[in-house]
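The values are calculated or read from the model by the stated rules, or taken from the named source; none is laboratory data. Predicted model, so just to flag it, every value in this text is computed and none were measured. So basically every Cβ, Gly included, is an ideal-geometry build from the backbone, and we count neighbours across all protein chains shown.
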There are 2 protein chains.
Amino acid sequence: MNTSIAPADAAPLTEAADVVAPGRREQNKLDTRRAIAASALDLARAHGLGNFTVDQVAAEAGVSRRTFFNYFHSAEEALTTSTDALLELAAAEFMARPADEPLLDAMLAALAAIAKTDNLSVCGELFRMAEGSAELMRSQLHAWERAEARIGQAVNERMGGNLDPLYLLALVGAVLSCVKAAMQVWAAAAENPQDGSAADLEDQIVGALSMLRDGFNHPR
Amino acid sequence: MNTSIAPADAAPLTEAADVVAPGRREQNKLDTRRAIAASALDLARAHGLGNFTVDQVAAEAGVSRRTFFNYFHSAEEALTTSTDALLELAAAEFMARPADEPLLDAMLAALAAIAKTDNLSVCGELFRMAEGSAELMRSQLHAWERAEARIGQAVNERMGGNLDPLYLLALVGAVLSCVKAAMQVWAAAAENPQDGSAADLEDQIVGALSMLRDGFNHPR
DNA sequence: CGGAGTACTTGCACAGGATGCAAAATTGCA
DNA sequence: TGCAATTTTGCATCCTGTGCAAGTACTCCG
């Protein structure tokens, strides 16, 4: 598996237990990955977003510059692992919903579960950081885009592959936009101390998705 | 105006006629900008997306490498001018809608007008190209993000600034997601010869927005 | 017309990003 | 323990992106 040396494009931080052999090697790679991501976050906090180099990240993580690039394509990508995990969780939750549940109910339940993510506050922090950095913003947007594709595929399979492509794409895109809006509002409010609880985020998500199900027909 | 030397972040390709003085300078800048964008597109078509350098683009456009970077931050950004123009048009159309028109009607009318864009086919082409290139995808997503911000601001002003931020962000995001979905379906269908007319795109946009106004309550 | 002022272009220098390659180090397992 | 598979690393190399200062083109106005 993964014979290439290039950065794994969808390396799951939440490991999917590939049947057997969790293996020491897999574990070590995960540790390295996490160490690099953590160092990147440290430096971003300490020096600001554009103000540190890959060499510094590698040094702080205790690996060589070259190894950094074996794991990530860029510093911003290393910062996006948290967001990726959050969206991965949403996809997993969705797939775990009972098959007979109405589609929109399942999506709502799955996405509200986002609030249960570990290091939620880090995600909020990154959300705010991205406002000031075009590169990080792009990386984050790309993460959402990938999630959209994954979830879209899951929805399609759930519905037997008979959905109108336009319906499918528009639905998933709109739903994720609502979640993004919810996170944006929540992250902005959570700027202060340790405000911004998981419950608050869940409220925002539910709120936004309610508006969606209502067709946005009641401006407020 | 524009005393900085850095690439203009929102240089309008559709010139807004700044009172007087279209001037030779402004004209030259526009020409250069267009020449660079055109060269980038040529090379992307000829060699594939990651397979050409900024130097080549600059050479083909007849400017120095340094000048290229005075106009764009990257090769991908040069490819995004068409998409930007398209979204700029949507924003302009929206702002031109009568103030007493219901909000959702105004958005629908404005966004359906996207199909009137010049070089629509180029936008479709880029949409398809982006599927295969992470960098271009990021650039395009960023363009949509910027459009979202602009349109969001316009909507907010139109409604007297009293909108719930969550409603505002969710609405605009969802609407643009629908338009994106419409373009995606349209672009995929337009892969063939000169299929994919403006009318087709408009149909997809209207279709997607109808689903949205319906709250996606009728899967199909 | 012509010259002063402004704006754009260019070459140069330089730090840093990104990747192929092959040697060296590490790890897993029989 | 010893070997095969996998990772890490250093090195070389090309490309990106930007500051700077000098050169060139345009604009305005007397």
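In this structure, is A:THR67 surrounded by fewer than 16 Cβ atoms within 10 Å (Cβ to Cβ), touching a residue at least 12 places away in the same chain (Cβ under 8 Å), more than 19 Å from A:GLN140 (Cα to Cα) and polar (S, T, N, Q)? Even if it seems obvious, please write down each step before you answer.
Numbers: surrounded by fewer than 16 Cβ atoms within 10 Å (Cβ to Cβ): yes; touching a residue at least 12 places away in the same chain (Cβ under 8 Å): yes; more than 19 Å from A:GLN140 (Cα to Cα): yes; polar (S, T, N, Q): yes.
Yes: the conditions hold for A:THR67.
Within region B:184-193, can one find any residue that is out of contact with any helix residue (DSSP H, G or I) (no Cβ under 7 Å at 6 or more places or on another chain), outside any helix (DSSP H, G or I), modelled with pLDDT under 95 and surrounded by fewer than 19 Cβ atoms within 10 Å (Cβ to Cβ)?
yes
For region A:194-220, what are the residues that are at the interface with chain B (Cβ under 9 Å from one of its Cβ atoms) and assigned to a helix (DSSP H, G or I)? Give the derivation first.
Kept after step one, since they are at the interface with chain B (Cβ under 9 Å from one of its Cβ atoms), are these residues of region A:194-220: A:204, A:207-209, A:211-220.
Selection gives A:GLN204, A:GLY207, A:ALA208, A:LEU209, A:MET211, A:LEU212, A:ARG213.
Quick one: in region B:41-75, of everything that is under 20 Å from the mean Cα position of the chain (by Cα), within 17 Å of B:PHE127 (Cα to Cα) and in a helix (DSSP H, G or I), which residue is nearest to DNA strand D (Cβ to nearest atom)?
Of the residues in region B:41-75, the ones under 20 Å from the mean Cα position of the chain (by Cα) are B:41-42, B:44-45, B:49, B:71-75.
Filter once more, so that each one left must be within 17 Å of B:PHE127 (Cα to Cα): B:41-42, B:44-45, B:49, B:75.
After this cut, where a residue has to be in a helix (DSSP H, G or I) as well, the list is B:41-42, B:44-45, B:75.
On the way: B:LEU41: 15, B:ASP42: 15, B:ALA44: 12, B:ARG45: 17, B:ALA75: 6 Å.
Taking the candidates together, the pick is B:ALA75.
Does A:VAL172 satisfy being among the β-branched types (Val, Ile, Thr), out of contact with any His (no Cβ under 9 Å at 6 or more places or on another chain) and within 28 Å of B:LEU108 (Cα to Cα)?
Values: among the β-branched types (Val, Ile, Thr): yes; out of contact with any His (no Cβ under 9 Å at 6 or more places or on another chain): yes; within 28 Å of B:LEU108 (Cα to Cα): yes.
The answer is yes for A:VAL172.
Hey, B:LEU166 hits all of (1) touching a residue at least 24 places away in the same chain (Cβ under 8 Å); (2) more than 21 Å from B:ALA99 (Cα to Cα); (3) buried (at least 18 other Cβ atoms within 10 Å of the Cβ) but one; which does it fall short on?
(1)
It is to be established whether one or more residues within region A:115-122 are farther than 23 Å from B:GLU145 by Cα, under 13 Å from the mean Cα position of the chain (by Cα) and of a type in the set (Asp, Glu).
Yes - at least one qualifying residue is present in region A:115-122.
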